[in-house]
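The values are calculated or read from the model by the stated rules, or taken from the named source; none is laboratory data. Here the structure is a predicted model, which is why all the values come from computation and not from measurement. Cβ placement follows ideal geometry from the backbone for every residue including glycine, while neighbour counts extend to all protein chains displayed.
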Amino acid sequence: MNLIIQSIHDIPAAHLDRIAGLSTATRIEQIAPHAHRLCEARPHDAIASYCWENQLDYGFVRPNQQLADFGLVVMDMDSTLINIECIDEIADMQGLKPQVAAITEAAMRGEIDFAESLRRRVALLEGLHEGALQRVYDERLQLNPGAEIMLKKLKEHGIRTLLVSGGFVFFTERLKQRLGLDFAHANTLEIVDGKLTGRVLGHILDAQGKADWLLRTRDELELHAQQVIALGDGANDLKMLMQAGISIAYHAKPIVRTQATYAFNFVGLDGLLHLFGG
């Protein structure tokens, strides 16, 4: 296997030599300013802890696996593609961010059913003017590091993109247009007379809903599971991640890190390109 080591800073040669020794790699190649490929490497129990201690991300990849092998990348939105939890920032406009954020955290850790947690959080937003949504988009929402680099390269390879979120259509549709994403699905907030009612319209898009959209889009594109990459950070993403050939936990909760194919704990979204030679 190739062992890809990457970081947000220069990787000291001593770190690379140590990991090469643990993995019995035969060669070290630099593939990007902060990324290296260790060739003919083997797993070792100490690699994970060594990388964590030194703020390195790692992944074992088949030598012949390339980005062009994939046809669909599926992304969560909040805290994955973007840097915020939109509902927490909306709640901040009501002075309720701590209460809502606590429910968000519990749901992401898998302690509360997502649909129930969303209903409880949205109910707290009753009466808020709809202009608060645009303020969150304009003033607080930013793409996570490496997002635009990753998406540009995916387009160059003809790889389709799906944004699927337990958040809100207000944000997913704007990101879809702004970034040229192929598909986007999320929940719709009910708004009457310019104010949020505290309710979500229709069936709530939860963990199973995310997985269902991945499967539906995959089948529509006539792809196999091994041609799909999924990225997420919370418990609500697990069902989606398990339906993908490659799953990536992005700066994720422990429950997600332990179940994903790869975990990006330090690098940006463009770390995906280094894994697969993009």
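Assorted remarks:
- When Leu189, Leu214, Leu162, Leu205 are screened for being in a loop (DSSP other than H, G, I, E, B), in contact with a strand residue (DSSP E or B) (Cβ under 7 Å, 6 or more places away or on another chain) and surrounded by 22 or more Cβ atoms within 10 Å (Cβ to Cβ), only Leu205 passes.
- Among all positions in region 79-86, there is no residue which is buried (at least 21 other Cβ atoms within 10 Å of the Cβ), at pLDDT 95 or above, aliphatic (A, V, I, L, M) and within 16 Å of Asp206 (Cβ to Cβ).
- In region 227-236, residue farthest from Glu111 (Cα to Cα) [restricted to those that are in a helix (DSSP H, G or I) and in contact with a strand residue (DSSP E or B) (Cβ under 8 Å, 6 or more places away or on another chain)]: Gln227
- Scanning region 96-106 turns up no residue that is touching a residue at least 40 places away in the same chain (Cβ under 8 Å) and buried (at least 21 other Cβ atoms within 10 Å of the Cβ).
- Scanning region 248-278 for residues that are in a loop (DSSP other than H, G, I, E, B), within 28 Å of Gly158 (Cβ to Cβ) and of a type in the set (Val, Ile, Thr) yields Thr261, Val267.
- Boolean, Asp219 is out of contact with any strand residue (DSSP E or B) (no Cβ under 8 Å at 6 or more places or on another chain), of a type in the set (Asp, Glu) and closer than 27 Å to Gln30 by Cβ: no
- If you check Gln94, Gln65, Gln55 for being of a type in the set (S, T, N, Q), assigned to a loop (DSSP other than H, G, I, E, B) and on the phi > 0 side of the Ramachandran plot, only one passes: Gln55.
- Only one entry of Glu126, Glu139, Glu130 meets the criterion of being surrounded by fewer than 18 Cβ atoms within 10 Å (Cβ to Cβ) and either without any contact (Cβ under 8 Å) to a residue 12 or more places away in the chain or in contact with a Pro (Cβ under 9 Å, 6 or more places away or on another chain) (or both), and that entry is Glu139.
- The condition (being over 26 Å from His251 (Cβ atoms) and part of a loop (DSSP other than H, G, I, E, B)) is satisfied by just one residue among Ala41, Ala25, Ala20: Ala25.
- Residue check for Gly167: touching a helix residue (DSSP H, G or I) at 6+ places or on another chain (Cβ under 8 Å), more than 29 Å from Ile255 (Cα to Cα), in a strand (DSSP E or B) and in contact (Cβ under 8 Å) with a residue 24 or more places away in the chain: no
- Sub-7 Å Cβ pairs linking a first residue in region 179-194 that is without any contact (Cβ under 8 Å) to a residue 12 or more places away in the chain and within 23 Å of Glu130 (Cα to Cα) to a second residue that is among the β-branched types (Val, Ile, Thr) and not in a loop (DSSP other than H, G, I, E, B), at least 6 apart or interchain, are Glu190/Thr197; Glu190/Val200, ordered by first then second residue.
- Scanning region 234-244 for residues that are closer than 17 Å to Gly167 by Cα and either surrounded by fewer than 24 Cβ atoms within 10 Å (Cβ to Cβ) or modelled with pLDDT under 95 (or both) yields Gly234, Ala235, Asn236, Leu238, Lys239.
- Any hit, region 210-231, residues being out of contact with any helix residue (DSSP H, G or I) (no Cβ under 6 Å at 6 or more places or on another chain), under 12 Å from Leu163 (Cα atoms) and acidic (Asp, Glu): no
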